[in-house]
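K.L.:
The structure's right below; bear with me while I get my questions together.
The values are calculated or read from the model by the stated rules, or taken from the named source; none is laboratory data. Predicted model, so just to flag it, every value in this text is computed and none were measured. No Cβ is skipped: glycine too gets one built from the backbone with ideal geometry, and neighbour counts run over all protein chains shown.
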Amino acid sequence: MSLPPVALQVERNLTHATLSGCKPRDHFDVTVEPRLSTAWLISRATAPVSYTVPVLQELVTFGSQMRSLGASAPGFVIYGSGRPHVFSLGGHLDYFQSCLAKGDETALFNYANLSIDAVWNAISGFDLDQTITVAVVQGDALGGGFEAALACNVLVAEKGAVFGFPEALFGLFPGMGGARLMECRGARELGLTLIRNATKISAEELYEAGVVDYLAPTGQGMELATEVCQNEKKSFIKLKKKRFSRVRESDLRSTARQWAERAMLLGKKEIKTIGYLSQAQSRLFRLAPSIRVV
């Protein structure tokens with residue numbers, strides 16, 4: 001993923017000491033442009049295609065740094081992926097399979113809670129009134145990747161991007177707020193259909209349904225997101241954040257706990273399916289970043 005020219009000009013010259021304090025990051029690059037009050041949080045092309053525990057920990061650490069900045073934090077945080085064609089394939093299925101094989105319920109609960117930490121950062125803008133989160137989806141956003149994009153206050157997607165909830169294929173449901181977030185975006189029935197049928201849907205269709213806020217031409221998602229942040233009235237953008245005002249962190253954690261409990265009850269057939277999908281995730285991670293998931 002290429003950043004807009006105005007972001008490249010700063011050459012990752014991180015003015016906020018707190019945001020630069022944990023460099024080097026293993027999986028994310030952060031660029032801050034104080035003049036635009038914008039930070040770009042971009043996963044590296046070599047990062048895992050799913051939300052592993054280390055990936056989630058980096059996201060949560062970034063959130064803690066944002067909170068520590070308080071009123072001086074950037075007004076916009078733009079999430080994106082540096083791996084072509086993949087925003088995120090969601091939960092780390094190999095880890096899930098390992099937890100289930102060992103009967104490690106505690107580890108699965110901890111993973112779910114760490115995921116909610118990251119989701120809540122996106123929904124609440126790190127509990128900072130002035131900060132708006134923006135997702136830029138330039139490829140596939142599946143499962144937890146779809147939920148992560150939905151959780152951001154503003155969702156920008158490029159034409160050709162694909163979304164979906166595959167959890168029903170192995171007897172689960174989106175555990176990090178997927179159904180609730182679709183409802184907040186005015187698409188409750190569509191969300192339930194996608195969850196129930198484990199079908200994929202295009203960015204264009206989600207834009208028509210009002211789920212995607214801005215539809216960008218292929219290759220121009222980051223530029224459009226930056227333009228929206230700078231040119232749209234802040235009051236208008238804040239209305240998009242306000243639609244999540246009835247979402248409670250405690251409710252998200254309750255849903256995540258139900259997800260983990262349900263996972264521990266999966267049978268051999270469902271666990272075998274998780275294994276097949278896990279192998280697909282692993283193959284994609286090993287392949288060159290230019291390969292698109294199918």
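K.L.:
For Gly125, indicate whether it is in contact with a Pro (Cβ under 9 Å, 6 or more places away or on another chain), surrounded by 21 or more Cβ atoms within 10 Å (Cβ to Cβ) and closer than 26 Å to Tyr207 by Cβ.
P.N.:
Numbers: in contact with a Pro (Cβ under 9 Å, 6 or more places away or on another chain): no; surrounded by 21 or more Cβ atoms within 10 Å (Cβ to Cβ): yes; closer than 26 Å to Tyr207 by Cβ: yes.
No: the conditions fail for Gly125.
K.L.:
Now, a different point. Give just the number: which of (1) more than 23 Å from Met222 (Cα to Cα); (2) free of Cβ contacts under 8 Å to residues at least 60 places away in the same chain; (3) surrounded by fewer than 21 Cβ atoms within 10 Å (Cβ to Cβ) does Gly171 not satisfy?
P.N.:
(2)
K.L.:
Given the conditions (1) of a type in the set (A, V, I, L, M, F, W, C); (2) assigned to a helix (DSSP H, G or I); (3) modelled with pLDDT of 95 or more; (4) surrounded by fewer than 15 Cβ atoms within 10 Å (Cβ to Cβ), which single one is not true for Leu265?
P.N.:
Only one criterion is unmet by Leu265, namely (2).
K.L.:
Filtering region 128-150 down to residues that are part of a helix (DSSP H, G or I) and touching a residue at least 60 places away in the same chain (Cβ under 8 Å), which residue is surrounded by the most Cβ atoms within 10 Å (Cβ to Cβ)?
P.N.:
So in region 128-150, the residues part of a helix (DSSP H, G or I) come out as 144-150.
Those still in the list that are touching a residue at least 60 places away in the same chain (Cβ under 8 Å) too: 144-145, 148-150.
Numbers: Gly144: 27, Gly145: 25, Ala148: 26, Ala149: 26, Leu150: 30.
Within region 128-150, the match that is surrounded by the most Cβ atoms within 10 Å (Cβ to Cβ) is Leu150.
K.L.:
Say whether the condition of being in a helix (DSSP H, G or I) and either at pLDDT 95 or above or among the charged types (D, E, K, R) (or both) is met by at least one residue in region 282-289.
P.N.:
Initially, region 282-289 is screened for residues in a helix (DSSP H, G or I), giving 282-286.
Those left that are additionally either at pLDDT 95 or above or among the charged types (D, E, K, R) (or both): 283, 286.
There is at least one residue in region 282-289 that is in a helix (DSSP H, G or I) and either at pLDDT 95 or above or among the charged types (D, E, K, R) (or both).
K.L.:
Going through region 172-201 one residue at a time, which ones are of a type outside the set (A, V, I, L, M, F, W, C), outside any loop (DSSP other than H, G, I, E, B) and in contact with an Asp or Glu (Cβ under 7 Å, 6 or more places away or on another chain)? It would help to see each step written out before you state the result.
P.N.:
Looking only at region 172-201, we keep the residues that are of a type outside the set (A, V, I, L, M, F, W, C), and these are 174-175, 177-178, 180, 183, 185-186, 188-189, 191, 193, 196-197, 199-200.
If we keep only those that are outside any loop (DSSP other than H, G, I, E, B) too, we end up with 178, 180, 183, 188-189, 191, 193, 196-197, 200.
Of everything in region 172-201, those that are of a type outside the set (A, V, I, L, M, F, W, C), outside any loop (DSSP other than H, G, I, E, B) and in contact with an Asp or Glu (Cβ under 7 Å, 6 or more places away or on another chain) turn out to be Gly178, Gly191.
K.L.:
Then there's this: In the list Ser88, Ser72, Ser50, which residue meets the criterion of being within 20 Å of Thr131 (Cα to Cα) and either surrounded by fewer than 22 Cβ atoms within 10 Å (Cβ to Cβ) or under 16 Å from the mean Cα position of the chain (by Cα) (or both)? Lay out the reasoning, then the answer.
P.N.:
Working: Ser88 fails: within 20 Å of Thr131 (Cα to Cα); Ser50 fails: within 20 Å of Thr131 (Cα to Cα).
The unique qualifying residue is Ser72.
K.L.:
Here is a further query. Inspect region 202-216 for any residue being at negative phi, assigned to a helix (DSSP H, G or I), of a type in the set (Asp, Glu) and without any contact (Cβ under 8 Å) to a residue 12 or more places away in the chain and give the result as yes or no. If you could, list the steps in order and put the result at the bottom.
P.N.:
Our first condition is that a residue be at negative phi; within region 202-216, this holds for 202-209, 211-216.
The next check asks that each one be assigned to a helix (DSSP H, G or I); those that pass are 203-208.
Still in the list and also of a type in the set (Asp, Glu): 204-205, 208.
Next, only the ones that are without any contact (Cβ under 8 Å) to a residue 12 or more places away in the chain stay: 205, 208.
Yes - at least one qualifying residue is present in region 202-216.
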